[in-house]
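The values are calculated or read from the model by the stated rules, or taken from the named source; none is laboratory data. Being a predicted model, the structure only gives us computed values, none of them experimental. Positions of Cβ are backbone-derived with ideal geometry, glycine not excepted, and every protein chain shown enters the neighbour counts. The protein model used for the area step is the full one, side chains on, heavy atoms only, and it has no ligands, DNA or RNA in it. Shrake-Rupley method; radii C 1.70, N 1.55, O 1.52, S 1.80 Å.
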Amino acid sequence: MINQEVSQIFNNIADYLEMQDSPNFFRIRAFKKAAESVDSYPEDVANLNIYELKKIPGIGDSTAKDILEYAKAGKIAYYEELKKASPVKLEELVRIQGVGPKTVKKLYYKLGVKNIDDLKKAAESGKIATLEGFGEKSQVSILENIKFAIVNKERTRIDIALEIAEKYIEYLKKNDAHIIKINYGGSLRRKNETIGDIDLLVSSKNPKKTSENFVNYPEIEKVLGAGDTKSSVWLKQKIQVDLRVIPVESFGSALQYFTGNKDHNVLLRKIAIKKGYKLSEYGIFKKLTNKKIAGKSEKRLYEKLVNHYIEPELREDEGELDLAINNKLPKLITLENIKGDLQMHTTHSDGTNTMLEMAQKCVDLGYKYMGFTDHFGNLQVANAIQPGEFNKYIDEIEEVRNKFKDKIKILAGGEINIKAGGELDFKQNLLEKLDFVVASIHSGFKMNVEQATNRYLSAFENPVITIIGHPTGRLLTKRPPFEFDYEKVFQEASKNNIVMEINAHPMRLDLSYQLVKIAKKCGCKIQISTDAHSVEELNLMKYGVFVARKAGLEKDDLYEYFDK
Ligand SMILES: [Zn+2]
């Protein structure tokens, strides 16, 4: 699937255009819009002809031709020209949060900044602070964000990694009848928010054939190593995939071993030794006789050592082995436990689908309830609803509600920005007419811990707030979270019956699982919502469920609107 690659290139083109001397804003917007449409298009755009491409909203004649060119040649000549003509490494620089094309342009002309190294030097020497429109604060935050970008450079978001792994497995199974068992391991199986390499484990009746088939995958850019039991490749999607071929009688123990994490495995090996066993990727063996007593099934391996199977999401060495031994493991929630979605946007603000389309999809997903939460107030980028448009919004919800009367309960909500002083950015008397309010921070991220804590605590005095949306504001691999006094804020939220969100959008996954654990300890209920801006994005719920499972959440930890 080339959608993500094309979308990235379109975004980059928009950035290059924005850097030009007299930017053509119409063209810039066109490329940004095209990038968004291609990214959210559910099928591979490589399979479409020019007529089909032009039917996608936001794709015009020229962007359709660009897509055809990329599908055929693997690159877009226009983009290559733009890159060549530019004196700076734009793509590298705009990866730094807070640095956009306009900033890059200024930094280049004033300070000669061409790449991250130059930028770092300029910030460290204090030159950025002296530029007009910058200052000490933005210099510090640029330095911090450079560090963050360097650390996160090699990591891939879970949704992207998962899709790549599932497609690879599908290909292997389809082209090779020798495969007995296959799965992915590592941090992907533990459902971490970002992934380094992808590990695939396979048992095969013909390891040689299976390995050959693996290195013939069409998405490979470079074969890094090829053997009968271990092979590695680098994919066009810029991620490494390792394949290990395992005898079927050791598949369970190998899967356990290659799922990790390391500390969990070290502890598990210690437990095995205490019991008079040896544990390796080949199985559990009696120490004295070397007799194998488990290895084929991962479940049996765990039951032998710690009495109960431990779900991969929990294997982070955070007490899960003790919980298993003492029969205290949580009964983790599953996607089937999710009965509704309480954050989504429609064409009333910055969503791409109508209320009717969103409601139909929620019905298809089997939900019992859903809530519209278009942006309200002064968020200009999000085309937010103004007080004068409030009634129109409510009227349409009423219409959709009538249409779906027997199928789903539809709630009227809104997503409202929490201003720096904690006030909500909308008329209070109108907010009181809503069924619920998602309050979230969308601007003014430059706060210290105390400011952020107080911003939330004063917001909590407003009784209309039901849920806090994406509570730390982070964008994975792009923008670090802002910090606040977590315990204080969660305790106060819990006292006021304010629910914390797990934003399931894989760009956010906010709260993180570590913070969900703290929120739960402080008595907060958790709402998992997709923050969908289109019908397709309503499918993102599973990523929020991954976070909840990693945090050890059970059904009763979830906020259920109907219980109230
Ligand atoms: Zn938001």
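Tabulated results
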{"read-out": "Options 437, 516: the member that is within 16 Å of the ligand (Cβ to nearest atom), open to solvent by less than 10 Å² (accessible area, probe 1.4 Å) and either in the same structural domain as residue 377 (by TED's automatic domain parsing) or under 23 Å from residue 374 (Cβ atoms) (or both)", "value": "437"}
{"read-out": "Any hit, the range 387-396, residues being hydrophobic (A, V, I, L, M, F, W, C) and either within 22 Å of residue 341 (Cα to Cα) or at pLDDT below 95 (or both)", "value": "yes"}
{"read-out": "Test result for residue 492, modelled with pLDDT of 95 or more and within 16 Å of the ligand (Cβ to nearest atom)", "value": "no"}
{"read-out": "Qualifying residue in the range 100-112 (condition: open to solvent by 80 Å² or more (accessible area, probe 1.4 Å) and free of Cβ contacts under 8 Å to residues at least 24 places away in the same chain)", "value": "yes"}
{"read-out": "Cβ-Cβ under 7 Å pairs, at least 6 apart or on other chains, the range 438-450 side at pLDDT 90 or above, far side near the ligand (Cβ under 8 Å from one of its atoms) and of a type in the set (D, E, K, R)", "value": "438/415; 440/415"}
{"read-out": "Qualifying strands (runs of 3 or more DSSP E) (wholly inside the range 153-254; at least 3 residues being within 30 Å of residue 72 (Cα to Cα))", "value": "198-204, 220-226, 230-235, 240-245"}
{"read-out": "Residue 327 being at pLDDT 95 or above, more than 30 Å from the chain's Cα centre (by Cα), part of a loop (DSSP other than H, G, I, E, B) and not basic (Lys, Arg)", "value": "yes"}
{"read-out": "Selection count where residues are surrounded by 16 or more Cβ atoms within 10 Å (Cβ to Cβ) and over 26 Å from the mean Cα position of the chain (by Cα), scope the range 193-216", "value": "10"}
{"read-out": "Matching entry among 260, 295 (being open to solvent by less than 30 Å² (accessible area, probe 1.4 Å), more than 27 Å from residue 333 (Cβ to Cβ) and touching a residue at least 24 places away in the same chain (Cβ under 8 Å))", "value": "295"}
{"read-out": "Some residue of the range 467-484 being of a type outside the set (Gly, Ala, Ser), modelled with pLDDT of 95 or more and over 22 Å from residue 375 (Cα atoms)", "value": "yes"}
{"read-out": "Residues being open to solvent by less than 70 Å² (accessible area, probe 1.4 Å), in contact (Cβ under 8 Å) with a residue 40 or more places away in the chain and either within 16 Å of the ligand (Cβ to nearest atom) or of a type outside the set (Asp, Glu) (or both) - total across the range 383-405", "value": "6"}
{"read-out": "Residue check for residue 425: more than 16 Å from the ligand (Cβ to nearest atom) and among the acidic types (Asp, Glu)", "value": "no"}
{"read-out": "Restricting the range 531-542 to residues that are away from the ligand (no atom under 16 Å from the Cβ) and under 12 Å from the mean Cα position of the chain (by Cα), the residue that is surrounded by the fewest Cβ atoms within 10 Å (Cβ to Cβ)", "value": "542"}
{"read-out": "Selected residue [at pLDDT 90 or above and assigned to a helix (DSSP H, G or I)] from 36, 52, 91", "value": "52"}
